[in-house]
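The values are calculated or read from the model by the stated rules, or taken from the named source; none is laboratory data. Keep in mind it's a predicted model, so treat the numbers as computed, not measured. Cβ placement follows ideal geometry from the backbone for every residue including glycine, while neighbour counts extend to all protein chains displayed. These area figures cover heavy atoms from the full protein model, side chains too; ligands, DNA and RNA do not enter into them. Shrake-Rupley method; radii C 1.70, N 1.55, O 1.52, S 1.80 Å.
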Amino acid sequence: MSKLSQRHLLGIKDITRQDIELIFETASNFKDVINRPIKKVPSLRDVTIANIFFENSTRTRLSFELAEKRLSADVVNFSASSSSVKKGETLLDTVNNILAMKVDMVVMRHASAGAPHFLSKHIKANIVNAGDGTHEHPTQALLDAFSIHEKLGSVEGKKVAIIGDILHSRVALSNIFALKKLGAEVMVCGPPTLLPKFISSLGVQVELEVQKALEWCDVANVLRIQLERQQLKYFPSLREYTLYYGINKKMLDDLKKKIVLMHPGPINRGVELTSDAADSHHSIILDQVENGVAVRMAVLYLLAGAQG
Ligand code: CP
């Protein structure tokens, strides 16, 4: 079996184009599996996976759990809000206690950037980063790039505009790394206050006008305003943000070429996207969610193969 170059998936920054292509090839096979009447394969039988989430999640958590169950792994779920973390236990103690119960792999979401990297230096289990603060969200970027590949035939040479709150977005950073590794041209677009100063050093174009970004791109990946991470006021009001950066169906219909609309979720309907845009034929948002299960199955399967 082909292997990934890493035994953890901590970020897209650390993996190679070959790793990404291997994940896509494996995910395509698993996508066939999950569309069969019998959706389960025995690939991870006797492998125990702990999903430890220190931050809220709907899609990522459900998607990992489904992926694990489709692969026949034994699954345990941990949520910080109902755990002994509330009594002052450290991250390392929490995880070591979970591992003492013979867990082989850990899928972790944490509000602190670098938390999974810290763990990877202290524990033997394979670790998958399910989102660390404003840093990386590697499986989201993989499923986004896989969805572009599926819809447009390849990622190489495609123009992808990432629009919205780039400053607070782990999805943006992981997408930039993945898309650049796969040969796409990447643009970021948003209010200047929501664009990190270092962003052009990552080899991306910067655009402040959403209409120009839409006219330039083949794919618009729209991000939500992450109000929960904003201690300062980055724009006068949500109404004003929507006025300048909100995307509606008419804007997409009126473009001279067809573009693909993406969003990692959760959507703030009526803020970054109107419902008529999010639910339109331009959108592949629910395809992204479907692909998330297959991509996460591929990641877990390939990392489990890297154990030996
Ligand atoms: N896209 C994403 O990470 O969604 P959740 O926060 O619901 O997991």
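Please go through the stretch 62-95 and pick out each residue that is within 16 Å of the ligand (Cβ to nearest atom), open to solvent by less than 60 Å² (accessible area, probe 1.4 Å) and in contact (Cβ under 8 Å) with a residue 60 or more places away in the chain. S63, F64, A67, E68, listed by residue number. Kindly state which strands (runs of 3 or more DSSP E) lie completely within the stretch 144-211 and contain at least 1 residues that are more than 19 Å from I285 (Cα to Cα). In the stretch 144-211, 185-189, 205-207 are the strands (runs of 3 or more DSSP E) which contain 1 or more residues that are more than 19 Å from I285 (Cα to Cα).
Would a scan of the stretch 145-167 turn up a residue that is within 16 Å of the ligand (Cβ to nearest atom) and farther than 27 Å from E21 by Cα? Looking for residues that are within 16 Å of the ligand (Cβ to nearest atom) and farther than 27 Å from E21 by Cα, one finds at least one in the stretch 145-167, hence yes.
Checking each residue in the stretch 52-61 for being surrounded by fewer than 18 Cβ atoms within 10 Å (Cβ to Cβ) and either more than 8 Å from the ligand (Cβ to nearest atom) or assigned to a loop (DSSP other than H, G, I, E, B) (or both) picks out N56, S57, T58. Whenever a residue of the stretch 128-142 is away from the ligand (no atom under 11 Å from the Cβ) and among the polar types (S, T, N, Q), its partners that are open to solvent by 10 Å² or more (accessible area, probe 1.4 Å) and part of a helix (DSSP H, G or I), lying with C-beta atoms within less than 6 angstrom and at least six residues away or across chains, give the pairs T134/R170.
Among H110, H122, which is the only one that is farther than 25 Å from D287 by Cα, within 15 Å of the ligand (Cβ to nearest atom) and open to solvent by 10 Å² or more (accessible area, probe 1.4 Å)?
Numbers: H122 fails: within 15 Å of the ligand (Cβ to nearest atom).
Only one candidate qualifies: H110.
Find the residue count for the stretch 226-240, including only residues that are assigned to a helix (DSSP H, G or I), in contact with a helix residue (DSSP H, G or I) (Cβ under 9 Å, 6 or more places away or on another chain) and modelled with pLDDT of 85 or more. Quick ask: steps written out before the conclusion?
Residues of the stretch 226-240 that are assigned to a helix (DSSP H, G or I), as a first pass: 227-229, 238-240.
Subset that is in contact with a helix residue (DSSP H, G or I) (Cβ under 9 Å, 6 or more places away or on another chain): 227, 238.
So of that shortlist, the ones also modelled with pLDDT of 85 or more come out as 238.
Count: 1.
Restricting the stretch 125-159 to residues that are among the small types (G, A, S) and in contact with a Leu (Cβ under 7 Å, 6 or more places away or on another chain) leaves a set whose member that is surrounded by the most Cβ atoms within 10 Å (Cβ to Cβ) is A145. The residue list Y234, Y244, Y301 contains one member that is in the same structural domain as L22 (by TED's automatic domain parsing), open to solvent by 20 Å² or more (accessible area, probe 1.4 Å), away from the ligand (no atom under 16 Å from the Cβ) and not charged (D, E, K, R), which is Y301.
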